[in-house]
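Asks: If you scroll down you'll find the structure; I have some questions about it.
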Amino acid sequence: MMDLLNILLSESFWAASLRIATPLIFGVLGALICERAGILNLGIEGIFVVGAMCGWMAVWLGAGLWGGVLAAAAAGALFGLLHAVLTVPLGLSQHVSGLGITLFATSVSYFTYRTALPDVSSPPRIEPFRALDIPLLSDLPFLGPVLFQQTALTWLALLMVALVWYVMNRTALGVAIQAVGDNPDSVDAQGLSVYGLRIGAIVAGSALMALGGAFLTMSAFDAFFFGMVNGRGWVCIALVIFASWRPGKALFGALLFGAFDALQVRLQTEMGALVPGQVFLMAPYILSIIALVIAARSADYPRALLTPWFKGQR
Amino acid sequence: MAEGSAFAPTLFPMTNSTVLRLNGLSKRFGPVVANDDVSLTLAKGEVLALLGENGAGKTTLMNMLFGHYLPDAGSVEVADENGVLQSLPLGHPQAALAAGVGMVHQHFALAENINALDNITLGSEPLLALRRNRQAARSKIEGIIERSGLKAPLNTPVGRLSVGERQRVEILKALYRDARILVLDEPTAVLTPQEADTLFENIKAMTREGLSVIFISHKLREVLAFSDRIAVLRHGRKVGEMATADADEKAIARMMVGADTPKVARTEMAPGGPVLNLTEVSVAGRSKRDTLKGVDLTVRAHEILGIAGISGNGQSALANVISGLAAPSAGHVQVDGIEVAKPSPAAMVKAGIGRIPEDRHHEGIVGAMSVAENMVIERLDDPEVQSRGLLRRDAIRDNAERLTQAYDVRGPGVAASSRLLSGGNIQKLILARVFERAPRLILANQPTRGLDMGAAAEVGRRLLEARERGAGVVLISEDLDEILGLADRIMVIRDGNLVEAGSHDREKIGLMMAGEPA
């Protein structure tokens, strides 16, 4: 019991929670934008892989860290555009298209990596983002290490939460995206383009998802591994329901998951002799399923989610 | 001057006050002619009522004006700010909006997760602006509300507004876009009579400021009370036009229905024993349309019982009880004198009830299944249809071939998906399925809605045939003429109560439907 309290009070635990949450924040915001516009994007898992690979490879090829971030976002946007074309004007099943994109994007990433580096035994490393050392703030007790020794990408994620909230709630664009996810006819009758709004939202959301992947290779680690995304995209799909499609709650959900994950690593070292390690590895997922079951009962799904809309058919 | 006098009916609109001109609009959907060479004009400040039966082409005509459909022939001219008629590019809702044409569809186009203010301003602000000028929008809307009386809460998500409020938001949407011509598609279909009256008073207030209105309706009462001029469509053609002041209810009704309605021959017949008894049956529904308040009803063999009433007064609840879809919360249901203990659709089919449902596309057929399969879908346990759990495909096909012949179901063949059939042929498929089982009682709910004259007459003929054979029929219809023509006895449903009409007196039944003492 004392151990648990010690963990919860430690700076490193909270710093780790935020670090683990960062890719999820990007992912859940991306999924949120897509679903608010009425499109489920199950390509998220593959788009994470593409973002991780492209970001890393751009840096490895000498593009610089921010060049890598841009490359990842562009690659994510490209796969988002593919999903958008298939699901919006063509109106194909969003589930099938999304899963197809995940398989396709993952394979293309692995293929590109293997083709570029045919015979390396250990993955080449890059110089990743360093923790921002902000004078004074970083030296604050507790808050300093937790908040002010994170990398620039974590800060970008937090900034994105505020930006997505502002756009969704305070701009005409955000209102139109919410409307197109509820009743596309309402947008069409007012002379706005349903296709344009939906495609735009999917492309932007997918770019954000790819940044979640890029964080893994450019901030959390310094190289690209197979299987490194490891279901983070799927977690985001669950978190967006938990968050009721709200950016603030999305941040909270991602942090909660990050905290569970950080906790299980620490409990594993403390109590590993008593309980098999796999139980701890499972814990965050089981807890997120439980949280989802509770939250999803009252979930207010965007009404037009999964329903294709075709121009001229009223 | 024009604005002050616009309230008075404008019988012969002067050319300089004409705000809209439709010239010879035609539209076909496959083999169906929806509109054939329809021309109309609308004067400034005028309220034009577009009357016609279901399927007469009213909505299609307005959808062409608003750019949802591209006409096959014809043109549209709309007056600009200076009153000069300009030709309107067809097929572009954007162009219609910009020219000052606003349309309120029967099915609202509102996003329920955002508030009325956002729904109204949607699309009229630059999407990429970082800030919105909500205050300016709000004061403009409040100004419109004040002038028109169309009150609606602006800050509540539309999902929480009443139907009447949503309708007002729809109209505010058009007025906010500076619509000079407003098209309302059956605006009162979902409103209470009081809400409807208020709506028309609000519209009148707006016409005094120069708004011109076309409203689609098939309710004669509101048309006579609130329009300046009436145009009647039948089978896609304009068959009449007159000033409301000169209009005569009978003449309009004849124009709508057509004098050439084939009369169904009907022989007098002595009724037999009761086939369906409802005693004190109540249904506790969530809305008025699915509520029944202790109704008694008896249908005898060789008898057609007509249920007249304004839509949404409990017809759905009554139909659901008779077809076993809803269990009564109180009362008894007897078929052929035997109490139905546990009502379910299967139990009712077994007891000998044949159902012609109101929504034939969704409740009458399984669209993805073939015509042949739909023909036997209510008797899958019949040994003629299956043996040891396997379908007898040859027998099913032969059955379908025979029935499509006998009932004249036309379409791409018995193996094709039933959704490919037209509405009239879907109804014939359902008739074939129901009548072949020689049911004791037939529930026909709005059996001719949306059908053309020929198909409607066929339905009437088949119902009379079943009556001669000895079946009882419950005919629920909003079309009083249909009931007067077919029923042996008439009851009026209103507010969940059923009352014997006692005669075939149209006026008396009409008053009972409206809830006024006869």
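The values are calculated or read from the model by the stated rules, or taken from the named source; none is laboratory data. A quick note: this is a predicted structure, and the numbers were derived from the prediction, not measured. Positions of Cβ are backbone-derived with ideal geometry, glycine not excepted, and every protein chain shown enters the neighbour counts. These area figures cover heavy atoms from the full protein model, side chains too; ligands, DNA and RNA do not enter into them. Shrake-Rupley method; radii C 1.70, N 1.55, O 1.52, S 1.80 Å.
Asks: What tally of residues in the stretch B:85-95 results from selecting those that are surrounded by 15 or more Cβ atoms within 10 Å (Cβ to Cβ) and of a type in the set (Ser, Thr, Tyr)?
Replies: Total satisfying the criteria: 0.
Asks: OK, next. Within the stretch A:236-247, can one find any residue that is within 14 Å of chain B (Cβ to nearest Cβ), out of contact with any Leu (no Cβ under 7 Å at 6 or more places or on another chain), open to solvent by 30 Å² or more (accessible area, probe 1.4 Å) and more than 20 Å from A:Thr102 (Cα to Cα)?
Replies: Initially, the stretch A:236-247 is screened for residues within 14 Å of chain B (Cβ to nearest Cβ), giving A:244-246.
Next, from what is left, pick out any that are out of contact with any Leu (no Cβ under 7 Å at 6 or more places or on another chain): A:244, A:246.
Filter once more, so that each one left must be open to solvent by 30 Å² or more (accessible area, probe 1.4 Å): A:244, A:246.
Next cut, more than 20 Å from A:Thr102 (Cα to Cα) only: A:244, A:246.
Within the stretch A:236-247, one or more residues are within 14 Å of chain B (Cβ to nearest Cβ), out of contact with any Leu (no Cβ under 7 Å at 6 or more places or on another chain), open to solvent by 30 Å² or more (accessible area, probe 1.4 Å) and more than 20 Å from A:Thr102 (Cα to Cα).
Asks: For A:Ala84, indicate whether it is in contact with a Lys or Arg (Cβ under 9 Å, 6 or more places away or on another chain) and not in a loop (DSSP other than H, G, I, E, B). Break it down into steps so the answer makes sense when it comes.
Replies: Working: in contact with a Lys or Arg (Cβ under 9 Å, 6 or more places away or on another chain): yes; not in a loop (DSSP other than H, G, I, E, B): yes.
Criteria met by A:Ala84.
Asks: Going by the structure shown, is B:Arg433 in contact (Cβ under 8 Å) with a residue 24 or more places away in the chain, open to solvent by 10 Å² or more (accessible area, probe 1.4 Å) and within 23 Å of B:Glu280 (Cα to Cα)? First the steps, then the outcome.
Replies: Values: in contact (Cβ under 8 Å) with a residue 24 or more places away in the chain: yes; open to solvent by 10 Å² or more (accessible area, probe 1.4 Å): yes; within 23 Å of B:Glu280 (Cα to Cα): no.
It is false that B:Arg433 is in contact (Cβ under 8 Å) with a residue 24 or more places away in the chain, open to solvent by 10 Å² or more (accessible area, probe 1.4 Å) and within 23 Å of B:Glu280 (Cα to Cα).
Asks: Which condition does B:Met62 not pass, out of (1) closer than 30 Å to B:Asn133 by Cα; (2) assigned to a helix (DSSP H, G or I); (3) open to solvent by less than 20 Å² (accessible area, probe 1.4 Å), if it passes all the others?
Replies: Of (1) closer than 30 Å to B:Asn133 by Cα; (2) assigned to a helix (DSSP H, G or I); (3) open to solvent by less than 20 Å² (accessible area, probe 1.4 Å), only one is false for B:Met62: (1).
Asks: For the stretch A:53-71, indicate whether the set of residues that are on the phi < 0 side of the Ramachandran plot, surrounded by 24 or more Cβ atoms within 10 Å (Cβ to Cβ) and not in a helix (DSSP H, G or I) is non-empty.
Replies: Among the residues of the stretch A:53-71, not one is on the phi < 0 side of the Ramachandran plot, surrounded by 24 or more Cβ atoms within 10 Å (Cβ to Cβ) and not in a helix (DSSP H, G or I), which makes the answer no.
Asks: Go through the residues of the stretch A:21-29 one by one and say whether even a single one is surrounded by fewer than 24 Cβ atoms within 10 Å (Cβ to Cβ), in a helix (DSSP H, G or I) and polar (S, T, N, Q). Give the steps one after another, and end with the answer.
Replies: Our first condition is that a residue be surrounded by fewer than 24 Cβ atoms within 10 Å (Cβ to Cβ); within the stretch A:21-29, this holds for none.
There is no residue in the stretch A:21-29 that is surrounded by fewer than 24 Cβ atoms within 10 Å (Cβ to Cβ), in a helix (DSSP H, G or I) and polar (S, T, N, Q).
Asks: Among the residues in the stretch B:405-414, are any open to solvent by less than 60 Å² (accessible area, probe 1.4 Å) and among the polar types (S, T, N, Q)?
Replies: Within the stretch B:405-414 (the criterion being open to solvent by less than 60 Å² (accessible area, probe 1.4 Å) and among the polar types (S, T, N, Q)), the answer is no, since none of the residues qualifies.
Asks: Does B:Arg355 qualify as being in contact with a helix residue (DSSP H, G or I) (Cβ under 7 Å, 6 or more places away or on another chain) and touching a residue at least 12 places away in the same chain (Cβ under 8 Å)? Talk me through it step by step, then tell me what you get.
Replies: Numbers: in contact with a helix residue (DSSP H, G or I) (Cβ under 7 Å, 6 or more places away or on another chain): yes; touching a residue at least 12 places away in the same chain (Cβ under 8 Å): yes.
Against the criterion (in contact with a helix residue (DSSP H, G or I) (Cβ under 7 Å, 6 or more places away or on another chain) and touching a residue at least 12 places away in the same chain (Cβ under 8 Å)), B:Arg355 qualifies.
Asks: If B:Asp118 passes every condition in (1) touching a residue at least 24 places away in the same chain (Cβ under 8 Å); (2) out of contact with any Ser or Thr (no Cβ under 9 Å at 6 or more places or on another chain); (3) open to solvent by 10 Å² or more (accessible area, probe 1.4 Å) but one, which one does it miss?
Replies: Condition (1) is where B:Asp118 drops out.
Asks: Further question: Tell me yes or no: at least one residue of the stretch B:97-104 is surrounded by 15 or more Cβ atoms within 10 Å (Cβ to Cβ) and out of contact with any strand residue (DSSP E or B) (no Cβ under 8 Å at 6 or more places or on another chain).
Replies: Applying the first criterion (surrounded by 15 or more Cβ atoms within 10 Å (Cβ to Cβ)) to the stretch B:97-104 yields B:97-104.
Narrowing further to those that are out of contact with any strand residue (DSSP E or B) (no Cβ under 8 Å at 6 or more places or on another chain): B:97-98.
Yes - at least one qualifying residue is present in the stretch B:97-104.
Asks: With the condition kept exactly as written, say whether any residue in the stretch A:288-302 is hydroxyl-bearing (Ser, Thr, Tyr) and open to solvent by less than 80 Å² (accessible area, probe 1.4 Å).
Replies: Looking through the stretch A:288-302, at least one residue is hydroxyl-bearing (Ser, Thr, Tyr) and open to solvent by less than 80 Å² (accessible area, probe 1.4 Å).
Asks: So is A:Trp155 surrounded by fewer than 20 Cβ atoms within 10 Å (Cβ to Cβ), within 22 Å of the chain's Cα centre (by Cα) and touching a residue at least 60 places away in the same chain (Cβ under 8 Å) or not? Break it down into steps so the answer makes sense when it comes.
Replies: Details: surrounded by fewer than 20 Cβ atoms within 10 Å (Cβ to Cβ): yes; within 22 Å of the chain's Cα centre (by Cα): yes; touching a residue at least 60 places away in the same chain (Cβ under 8 Å): no.
Considered against the rule, which asks whether it is surrounded by fewer than 20 Cβ atoms within 10 Å (Cβ to Cβ), within 22 Å of the chain's Cα centre (by Cα) and touching a residue at least 60 places away in the same chain (Cβ under 8 Å), A:Trp155 comes out as no.
Asks: May I pose another question? Which of (1) at the interface with chain A (Cβ under 9 Å from one of its Cβ atoms); (2) over 28 Å from the mean Cα position of the chain (by Cα); (3) more than 30 Å from B:Ala73 (Cβ to Cβ) does B:Ala98 not meet, given it meets every other one?
Replies: B:Ala98 satisfies all of (1) at the interface with chain A (Cβ under 9 Å from one of its Cβ atoms); (2) over 28 Å from the mean Cα position of the chain (by Cα); (3) more than 30 Å from B:Ala73 (Cβ to Cβ) except (3).
Asks: Further, regarding this structure: Among residues belonging to the stretch A:248-261 that are farther than 20 Å from A:Phe48 by Cα and not small (Gly, Ala, Ser), point out the one that is most open to solvent (accessible area, probe 1.4 Å).
Replies: So in the stretch A:248-261, the residues farther than 20 Å from A:Phe48 by Cα come out as A:248-249, A:252, A:256, A:259-260.
Subsequent filtering for residues that are not small (Gly, Ala, Ser) retains A:249, A:252, A:256, A:260.
Details: A:Lys249: 96, A:Phe252: 116, A:Leu256: 61, A:Phe260: 66 Å².
Among those residues, the one meeting the criterion is A:Phe252.
Asks: Filter the stretch B:272-309 down to the residues that are crowded, with 17+ Cβ neighbours inside 10 Å and part of a loop (DSSP other than H, G, I, E, B), then identify the one that is modelled with the lowest pLDDT.
Replies: Looking at residues that are crowded, with 17+ Cβ neighbours inside 10 Å and part of a loop (DSSP other than H, G, I, E, B), I get B:Gly285.
Asks: The conditions are (1) open to solvent by less than 30 Å² (accessible area, probe 1.4 Å); (2) within 19 Å of the chain's Cα centre (by Cα); (3) without any contact (Cβ under 8 Å) to a residue 24 or more places away in the chain, and A:Gln264 fails exactly one of them. Which is it?
Replies: (2)
Asks: Scan (1) assigned by TED's automatic domain parsing to the domain that holds B:Gly240; (2) within 23 Å of B:Phe215 (Cα to Cα); (3) surrounded by fewer than 20 Cβ atoms within 10 Å (Cβ to Cβ) for the single condition B:Asn82 breaks and write down its number.
Replies: Status for B:Asn82: all satisfied but (2).
Asks: Looking at (1) surrounded by 19 or more Cβ atoms within 10 Å (Cβ to Cβ); (2) more than 24 Å from B:Arg410 (Cα to Cα); (3) in the same structural domain as B:Lys428 (by TED's automatic domain parsing), which one does B:Asp381 not meet, given that it meets all the others?
Replies: Answer for B:Asp381: the failing condition is (1).
Asks: Identify, by number, the condition in (1) surrounded by fewer than 19 Cβ atoms within 10 Å (Cβ to Cβ); (2) in contact with a strand residue (DSSP E or B) (Cβ under 9 Å, 6 or more places away or on another chain) that B:Glu373 doesn't meet.
Replies: Checking B:Glu373 against (1) surrounded by fewer than 19 Cβ atoms within 10 Å (Cβ to Cβ); (2) in contact with a strand residue (DSSP E or B) (Cβ under 9 Å, 6 or more places away or on another chain), the one that fails is (1).
Asks: Can you find even one residue in the stretch B:353-363 that is within 21 Å of B:Ala471 (Cα to Cα) and touching a Gly at 6+ places or on another chain (Cβ under 7 Å)?
Replies: First, pick out the residues of the stretch B:353-363 that are within 21 Å of B:Ala471 (Cα to Cα): B:353-358.
Remaining after also requiring touching a Gly at 6+ places or on another chain (Cβ under 7 Å): B:357.
Yes; the residues of the stretch B:353-363 include at least one that is within 21 Å of B:Ala471 (Cα to Cα) and touching a Gly at 6+ places or on another chain (Cβ under 7 Å).
Asks: Can you tell me which condition A:Thr102 does not meet? The list is (1) loosely packed, with under 13 Cβ neighbours inside 10 Å; (2) of a type in the set (Ser, Thr, Tyr); (3) closer than 30 Å to A:Lys311 by Cα, and all the others hold.
Replies: Of everything listed in (1) loosely packed, with under 13 Cβ neighbours inside 10 Å; (2) of a type in the set (Ser, Thr, Tyr); (3) closer than 30 Å to A:Lys311 by Cα, A:Thr102 misses just condition (1).
Asks: Does B:Glu201 fit the bill of being away from every other protein chain (no Cβ under 14 Å) and either in contact (Cβ under 8 Å) with a residue 12 or more places away in the chain or in contact with a Ser or Thr (Cβ under 8 Å, 6 or more places away or on another chain) (or both)?
Replies: Considered against the rule, which asks whether it is away from every other protein chain (no Cβ under 14 Å) and either in contact (Cβ under 8 Å) with a residue 12 or more places away in the chain or in contact with a Ser or Thr (Cβ under 8 Å, 6 or more places away or on another chain) (or both), B:Glu201 comes out as yes.
Asks: Check every one of the helices (runs of 4 or more DSSP H) wholly within the stretch B:104-186 and list those with 2 or more residues that are within 12 Å of chain A (Cβ to nearest Cβ) and among the β-branched types (Val, Ile, Thr).
Replies: Details: elements: B:116-121, B:134-148, B:163-176.
So the answer is B:116-121.
Asks: Still on this structure: Restricting to the stretch A:267-287, what's the tally of residues that are open to solvent by 70 Å² or more (accessible area, probe 1.4 Å) and not in a helix (DSSP H, G or I)?
Replies: Residues that pass the stated criteria total 3.
Asks: Go through the stretch B:187-196 and count every residue that is open to solvent by 30 Å² or more (accessible area, probe 1.4 Å) and either in a loop (DSSP other than H, G, I, E, B) or of a type in the set (Gly, Ala, Ser) (or both). Before the answer, list the steps.
Replies: From the stretch B:187-196, those open to solvent by 30 Å² or more (accessible area, probe 1.4 Å) are B:189-190, B:192-195; that's our starting set.
With either in a loop (DSSP other than H, G, I, E, B) or of a type in the set (Gly, Ala, Ser) (or both) added as a condition, the list becomes B:189-190, B:192.
So the count comes out to 3.
Asks: If you don't mind, another one. Residues of the stretch A:169-195 being more than 19 Å from A:Thr307 (Cα to Cα), surrounded by 20 or more Cβ atoms within 10 Å (Cβ to Cβ) and more than 7 Å from chain B (Cβ to nearest Cβ), which ones?
Replies: A:Gly174
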